[in-house]
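> Can you read through this structure? Questions will come right after.
The values are calculated or read from the model by the stated rules, or taken from the named source; none is laboratory data. Keep in mind the model is a prediction, meaning the values are calculated, not measured. When we count neighbours, we look across all protein chains shown, and the Cβ atoms used for this are built from the backbone with ideal geometry, even at glycine. The area values use the complete protein model at the heavy-atom level, side chains included, leaving out ligands, DNA and RNA. Shrake-Rupley method; radii C 1.70, N 1.55, O 1.52, S 1.80 Å.
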Amino acid sequence: MFCNLLRASTLLLLLGAVLAAPGDPITTPQVPQPVQQIQQEAQTRRQAPPLAPIRPTPPSVNLTIGAPTDPGDLVTLLNIVVVLTLLVLAPSLILVMTSFARIVIVFSFLRTAMGTQQSPPTQLIVSLAMVLTFFIMEPVAKQSYEQGIRPYLDRQISYDVAFEIAAKPFKEFMIYNTREKDIGLFYRIRNMESPQTVDDIPILIALPAFMISEIKTAFQIGFLLYLPFLAVDMVISSILMAMGMMMLPPVMISLPFKILVFVMVDGFNLLTGNLVASFKYAPGAG
């Protein structure tokens, strides 16, 4: 066995000597041409100088105030100013020139009379009042837009004329829903003569008179809302006293009966219908 291994090793050594003869040159593998080009391009990029960084140019802002060269530019600028002013004053205008105040006060009285604490929540009451206000004021706003705002946007009338025409429907709405006594109060405060027509009443008199008149009307409706719920409280209280349950709060027992009575008579339908019908408006009746 050992002799066989020795012979095999000797043969391998002889075969290696024959293959490594000096007459046979050793050939090296050829590198493909595309690979050589890529290597040369990479070496050229390394030797090239680095490019200078490009600095971005900041934009320039030019704020100048000058006289408009075109009348159309002035109209556009005035439109922007008017829109921004209305957006800022929109919450106040909704409170003082629309039916919002009466509606939100009445629904607040309803919640207090029923004793439901925070149900419906304040956000829901305000949202409902806003929706009803838009419904009631839609004819007034449409008339104001058609007669005052649209001609101004079409450049048919000037700004002061457009403001007077657009404010007239709102002024008429406030006057028709205001008591004469409240209007006379502010005329006496200003020591002004009594007006002959609706057009003679300035809007600065109509605004405060409309607000106090709306608050008084809302309190009157709130008083009427309290009466049926007060009757339910008295009946429940009398029954508890007759049964000897004096320590049991009557409000806790009467609340389900209040809700039941209000739902059975379809209270929200009746209240909303009468609230909307309580506002009167005669468009164009100066």
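> What are the ³J(HN,Hα) values, in whole Hz, obtained from phi via the Karplus relation 6.51 cos²θ - 1.76 cosθ + 1.60 with θ = phi - 60°, for each residue of segment 122-131 in sequence order, with x given for Gly and Pro?
Karplus-based 3J(HN,Hα) across segment 122-131 equals 4, 4, 5, 5, 5, 5, 5, 5, 5, 5 Hz.
> If you don't mind, there's one more thing I want to ask. With every protein chain present, what accessible area does S278 have (1.4 Å probe, heavy atoms only), rounded to the nearest 10 Å²?
Only protein atoms counted, so the area is about 40 Å².
> When the accessible area of segment 145-283 is computed with all protein chains present and a 1.4 Å probe, what percentage of it is carbon and sulfur? Let's see the in-between values first.
Working: 6160 of 9000 Å².
Summing carbon and sulfur atoms, their accessible area is 68 percent of the total for segment 145-283.
> Could I ask something else about it? Given a 1.4 Å probe, how much area per residue of segment 79-216 is accessible, in Å²?
Working: 8040 Å² over 138 residues.
In whole numbers, segment 79-216 has 58 Å² accessible per residue.
> Per the 1.4 Å probe, what fraction of the accessible area of segment 87-142, in percent, lies on carbon and sulfur atoms?
On the way: 2190 of 2920 Å².
The C+S portion of the solvent-accessible surface of segment 87-142 is 75 percent.
> How many nm is it between the label spots at N269 and F163, if each spot is 7 Å from the Cα in line with the beta carbon?
4.7 nm
> Here's another thing I want to ask about it. Please compute the modelled spin-label separation between M252 and L230, points set 7 Å along Cα→Cβ, answer in nm with one decimal.
Label-label distance for L230 and M252, simple model: 2.6 nm.
> If R₀ is 51 angstrom, what is the calculated FRET efficiency for the pair T112 and V81, using the beta carbon separation as r and rounding to 0.05? Working shown, then result.
Working: r = 43 Å, r/R0 = 0.84.
The formula returns an efficiency of 0.75 here.
> Still on this model: Which order do you get for R111, R150 if you rank them by accessible area with a 1.4 Å probe, largest at the top?
My answer, sorted largest first, is R150, R111.
> Separate question: State to the nearest 20 debye the size of the charge dipole of segment 118-205 about its Cα centre, where the only charges are +1 on K and R beta carbons and -1 on D and E beta carbons.
Values: 9 positive and 11 negative charges, 43 e Å.
Dipole of segment 118-205, to the nearest 20 debye: 200 debye.
> Now a separate question. Towards the positive end of the charge dipole of segment 174-216, with charges on Cβ (+1 Lys, Arg; -1 Asp, Glu), say which of P202, M174, N191 has the farthest Cα.
Among P202, M174, N191, the one farthest towards the positive end of the dipole of segment 174-216 is N191.
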